[in-house]
Amino acid sequence: MTIFVASLFLPYTVTRQSSCSEVPPDPLLPQSLNSPTSRGNGGFDNDTTLRGNGLTPDATTDHKHIFTSDSPLPARKGMGYPFSHKPQSNGRPPTKGEPQWSVIPATKVNDGLESAIRSAADVGYLKDTMWVGTLGTQTETMEDCDRTTIKQKLKDEYGSLPVFVCDRDFEGHCTYCKTIIWPIFHYQVPDSPKSKAYEDCSWAYYVSLNQAFAEHIAEHCKRDDSVWVQDYHLMLVPAMLRKMVPDLRIGFFLHTAFPSSEVFRCLAPGKELLRGLLGANLIGFQIEEYSGHFLRTCSRTLSVEATDEGIQLNDRFVNVGTFPIGIDPTLWDRRRQADDIRLLIDTISARYRGKRIIISHDKMDSIGGIRQKLLSYEHFLNTHREWANDIVLIQLVTSTTRQPDLEASISDIALRINSAYTTLEHQPLVFLRQDLLTPQYVALITVADVLIVTSLREGMNLTSHEFVYCQDGLYSNKAYGSLILSEFTGSASIFGDHALLVNPWDFRQCANAIYTALVRGREERKRDWEQLHRSLLHNSAKNWVKSFKERLSHACIEQLSHRRCTLPCLSVDNLKEKYRQAGRRMIFIQYEGTLAPWRPPSGVFFLATPQRAVTTLTDLTDDPLNVVYVVSSRTLEEQERRFRHVAGVGLIAENGCFLREPHANEWNNLVNEGQTDTWKEGVFCILAYFQERMEDSWVETRHFSVVFHFGSVADRAMAKRLAAECADQINDACANQGIHAVIYESAVIAEPINTNKRPAAEVAWHYADRSNNSKPDFLLIIGGDREDEDLFRWANEMDSTGAVDYSMTVTIGSQGSEAKTMLTHGVTGILDCLQRLASR
């Protein structure tokens, strides 16, 4: 079985041998920034001193010497620093017949993802993987023969399948991702008049590239393969792929944050993106906050039922889970053992001897929080001037698309700080607009005393993981450095209070955190570091692969058993034969939609049971070998009125809250009555708000539930949207009280979470067992409602454990089910079946 890892960029790309010393142009950068010298530092030469609208200088010659990028050392992949591409022909021009290109490592690959896949493969956990992605460079100029050769070489030698799309589609797709999806996912709604992404055809390009990925994967995958689709670039691929290969195992993982429903609704094609994701079997997020936002967004936007485990669609269930991704400790062990590391550690330590080093590493964008960090640092220096000569903040800025306004603002703050506190011997702020080599970066985070992360929103932030891992004291006299971490990063949920969590918008709080980090004692720092290190190892890259793979496999197996197409039609003749052979039988029948149509006329439910259903139930209960229960969501009073002419039938009301045994007059309360009055008042307030906005809607109060009916509202689309929002608000407000709201076709039911039909069925089973001193050996359950799934699951367990000789579960609904069989023709088909069983 092959696992296809679909990511926008492959870990490898190609370059022509005739110009292999050049860096491939980056389509996401302006043309002026695509020169080899500008790629490594965002368009600025490292020796250029920038003032005014630029950035602060590197301070001293020593700084430039320590952090120079002019080095034979390998670049740190993933930070945008260009690789050195040596010609494969030793500098001579390629001869005729030689390949005109060579394979090189890519710089735009997702570093965390590649590290996770590689680490899992190294230990043998992933044995057969295939990357799917673009080369990240222009490909239209390639000859067809070159494309064929490149495809074959990458597939055979590098385990990669390149997806070739036209340059216009690729650039338009990247434009849409960078200017629309990425900002909104990070709570930055793009409203700049300079942005034309909403006006052009970028969405069409996004769809086109996703379609190309789906077709390419479908062409190479087999039935038993799995596809792991990665990140927001490919959100439409799961649904597209599902249409082409229905039985394929598809997982999707989002590496960034997922916004709240209010922010997500700013995406014009938001529904299309959600439907694209719901084509997967499993959708993974970094932390519970993001998965919760996704579930609520689906509930409100698509009016689907969202549970803690996932999304219930009409024909199947989509699992949703959290899988925090971390670093690969083995890889970092190898990096720290490099020969250059100790020399660089000694060099940096000597340069900043006697100083406390604070480091930070961000992209130059509005999400990184650099501006907020510098304001906090300035406030710290203003408040604690005694530290001005004993502390240095080294701010690393990674290459990205130019943002002149932001750069100018940051430059003003940086110059203000250095103007106020720089002396002949010391400069408190070192601003490096360049990409460090791997040994330089490892040495820096090893000797640092503090790492400060002030991201305004970030999916995880692995820099904090790398810092924690390098603070064990094995390679430096310094150890157990403090981590100041924005509460808006995914890592904040992983590390918890063992990091100094801050709100980056509160510069006073951040300044206080800097002071706390500097004055804390070694023992306190060590205790926190040990907890941070433990969390880091628990959420390593390898464990991410392991948990995602196992969860996807389990979800696919579980969902396969629910799929409608796997359900055969019930063989009534075979059922009748088993019925005749049974010594004692137990039958549970859902009332609404099974014995009688579900049709509540405008505010008034029918109170009489159709005569044919009454006759059929009477025939069944007249047989002393039968124990028959009718299950309903209606109140016990209505159940009594419906079946007052069928004395021998057992009744279950309000979806399992009440049970009345056959031939009995008293009802058994199966729910803790003490909790009923504590939550209804709040629910009524929420329902009153929505009832005012939906004419002809009405609220029904039951003993243990409240029902909001909207089936008579004229505007059905508006009604379903508001109903989804209503259910979402109830779930948020009443979660701590054990209450949840479930959306049906024309109603929202708020009820206790532990309310379901299974406990009631178990009580009825034990009663039947003790009443005749013999347990039933025939079990039949007929239903079609979502709550009937609990009964189906219970009956299937009874069958698999041998608790009953014969068990049959039958559904008439159109959605996926755990029932073994299905019956068509609705109520008529059910009554025909039951009458054949009861006939002599």
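The values are calculated or read from the model by the stated rules, or taken from the named source; none is laboratory data. Everything numeric here is computed off the predicted structure, so don't read it as measured data. Positions of Cβ are generated from backbone atoms using ideal geometry, with glycine treated the same way; all protein chains shown enter the neighbour counts.
Computed values, structure above
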{"quantity": "Filtered residues of the range 809-840 (kept if more than 25 Å from L313 (Cβ to Cβ) and in contact with a Ser or Thr (Cβ under 7 Å, 6 or more places away or on another chain))", "calculated": "L831, L834, Q835, A838"}
{"quantity": "Residue selected from the range 253-284 under the condition of a type in the set (S, T, N, Q) and surrounded by fewer than 23 Cβ atoms within 10 Å (Cβ to Cβ), by the criterion nearest to A214 (Cα to Cα)", "calculated": "T256"}
{"quantity": "Condition check for A819: in contact with a Gly (Cβ under 9 Å, 6 or more places away or on another chain) and touching a residue at least 60 places away in the same chain (Cβ under 8 Å)", "calculated": "yes"}
{"quantity": "Residue in the range 761-768 that is more than 18 Å from W698 (Cβ to Cβ), without any contact (Cβ under 8 Å) to a residue 12 or more places away in the chain and either out of contact with any His (no Cβ under 9 Å at 6 or more places or on another chain) or among the small types (G, A, S) (or both) present", "calculated": "yes"}
{"quantity": "Complete set of residues in the range 398-419 that are among the basic types (K, R) and under 17 Å from Q372 (Cβ atoms)", "calculated": "R416"}
{"quantity": "Complete set of residues in the range 645-667 that are modelled with pLDDT of 90 or more and either of a type in the set (A, V, I, L, M) or not assigned by TED's automatic domain parsing to the domain that holds V630 (or both)", "calculated": "V649, L651, I652, A653, L659"}
{"quantity": "Test result for N314, surrounded by 22 or more Cβ atoms within 10 Å (Cβ to Cβ) and not aliphatic (A, V, I, L, M)", "calculated": "no"}
{"quantity": "Which listed residue is buried (at least 20 other Cβ atoms within 10 Å of the Cβ), in contact with a helix residue (DSSP H, G or I) (Cβ under 7 Å, 6 or more places away or on another chain), at pLDDT 95 or above and assigned by TED's automatic domain parsing to the domain that holds V132, from L234, L248", "calculated": "L234"}
{"quantity": "One residue from L687, L659 being assigned to a helix (DSSP H, G or I) and among the aliphatic types (A, V, I, L, M)", "calculated": "L687"}
{"quantity": "Single unsatisfied condition, A714 versus (1) closer than 22 Å to I652 by Cβ; (2) free of Cβ contacts under 8 Å to residues at least 24 places away in the same chain; (3) assigned to a loop (DSSP other than H, G, I, E, B)", "calculated": "(1)"}
{"quantity": "Any hit, the range 820-834, residues being closer than 27 Å to C556 by Cβ, modelled with pLDDT of 90 or more and touching a helix residue (DSSP H, G or I) at 6+ places or on another chain (Cβ under 8 Å)", "calculated": "no"}
{"quantity": "Options A212, A204, A218; residue that is of a type in the set (A, V, I, L, M, F, W, C), surrounded by fewer than 20 Cβ atoms within 10 Å (Cβ to Cβ), modelled with pLDDT of 90 or more and more than 17 Å from P269 (Cβ to Cβ)", "calculated": "A218"}
{"quantity": "Subset of the range 463-483 (residues that are touching a Gly at 6+ places or on another chain (Cβ under 9 Å) and surrounded by fewer than 21 Cβ atoms within 10 Å (Cβ to Cβ))", "calculated": "A479"}
{"quantity": "Residue that is farthest from V468 (Cα to Cα) [pool: residues in the range 404-453 that are among the charged types (D, E, K, R) and under 38 Å from the mean Cα position of the chain (by Cα)]", "calculated": "D405"}
{"quantity": "Residue match in the range 378-388 (condition: of a type in the set (A, V, I, L, M, F, W, C), assigned by TED's automatic domain parsing to the domain that holds H465 and closer than 30 Å to K108 by Cβ)", "calculated": "no"}
{"quantity": "Residue count for the range 617-642, restricted to those that are of a type in the set (V, I, T), in contact (Cβ under 8 Å) with a residue 60 or more places away in the chain and closer than 30 Å to V707 by Cα", "calculated": "2"}
{"quantity": "Output for the range 118-167, where each listed residue is surrounded by fewer than 18 Cβ atoms within 10 Å (Cβ to Cβ), of a type outside the set (S, T, N, Q) and in a helix (DSSP H, G or I)", "calculated": "A121, D122, D144, C145, D146, R147, K151, K155, D156, E157, Y158, D167"}
{"quantity": "Flag for A257 being aliphatic (A, V, I, L, M) and either more than 20 Å from N110 (Cα to Cα) or assigned to a helix (DSSP H, G or I) (or both)", "calculated": "no"}
{"quantity": "Unmet requirement for E378, which otherwise passes all of (1) in a helix (DSSP H, G or I); (2) under 30 Å from the mean Cα position of the chain (by Cα)", "calculated": "(2)"}
{"quantity": "Of all residues making up the range 469-501, the number that are among the acidic types (D, E) and either part of a helix (DSSP H, G or I) or at pLDDT below 95 (or both)", "calculated": "2"}
{"quantity": "Positions within the range 404-453 being touching a strand residue (DSSP E or B) at 6+ places or on another chain (Cβ under 7 Å) and aromatic (F, W, Y), in sequence order", "calculated": "F431"}
{"quantity": "Selection count, the range 301-351, where residues are among the aliphatic types (A, V, I, L, M) and within 18 Å of the chain's Cα centre (by Cα)", "calculated": "8"}
{"quantity": "Conditions (1) free of Cβ contacts under 8 Å to residues at least 60 places away in the same chain; (2) within 24 Å of A727 (Cα to Cα): number failed by D365", "calculated": "(2)"}
{"quantity": "Pairs, first small (G, A, S) in the range 774-787, second outside any loop (DSSP other than H, G, I, E, B), C-beta under 7 Å, six or more apart", "calculated": "G783/Q590; G783/L791; G783/T811; G784/Q590; G784/T811"}
{"quantity": "Qualifying residue in the range 326-337 (condition: closer than 24 Å to N539 by Cα, surrounded by 18 or more Cβ atoms within 10 Å (Cβ to Cβ) and touching a Leu at 6+ places or on another chain (Cβ under 7 Å))", "calculated": "yes"}
{"quantity": "Strands (runs of 3 or more DSSP E) contained entirely in the range 727-840, each with at least 3 residues that are touching a Leu at 6+ places or on another chain (Cβ under 7 Å) and crowded, with 17+ Cβ neighbours inside 10 Å", "calculated": "806-811"}
{"quantity": "Some residue of the range 721-739 being closer than 27 Å to L595 by Cβ, under 31 Å from the mean Cα position of the chain (by Cα) and not assigned by TED's automatic domain parsing to the domain that holds S299", "calculated": "yes"}
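Residues are listed down the side, and each one gets a yes or a no for (1) more than 34 Å from the chain's Cα centre (by Cα); (2) of a type outside the set (A, V, I, L, M, F, W, C); (3) crowded, with 21+ Cβ neighbours inside 10 Å; (4) at pLDDT below 85:
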site: G674; (1), (2), (3), (4): yes, yes, no, yes
site: D677; (1), (2), (3), (4): yes, yes, no, yes
site: F684; (1), (2), (3), (4): no, no, no, no
site: R693; (1), (2), (3), (4): no, yes, no, no
site: E700; (1), (2), (3), (4): yes, yes, no, no
site: S705; (1), (2), (3), (4): no, yes, yes, no
site: F708; (1), (2), (3), (4): no, no, yes, no
site: S712; (1), (2), (3), (4): yes, yes, no, no
site: A717; (1), (2), (3), (4): no, no, no, yes
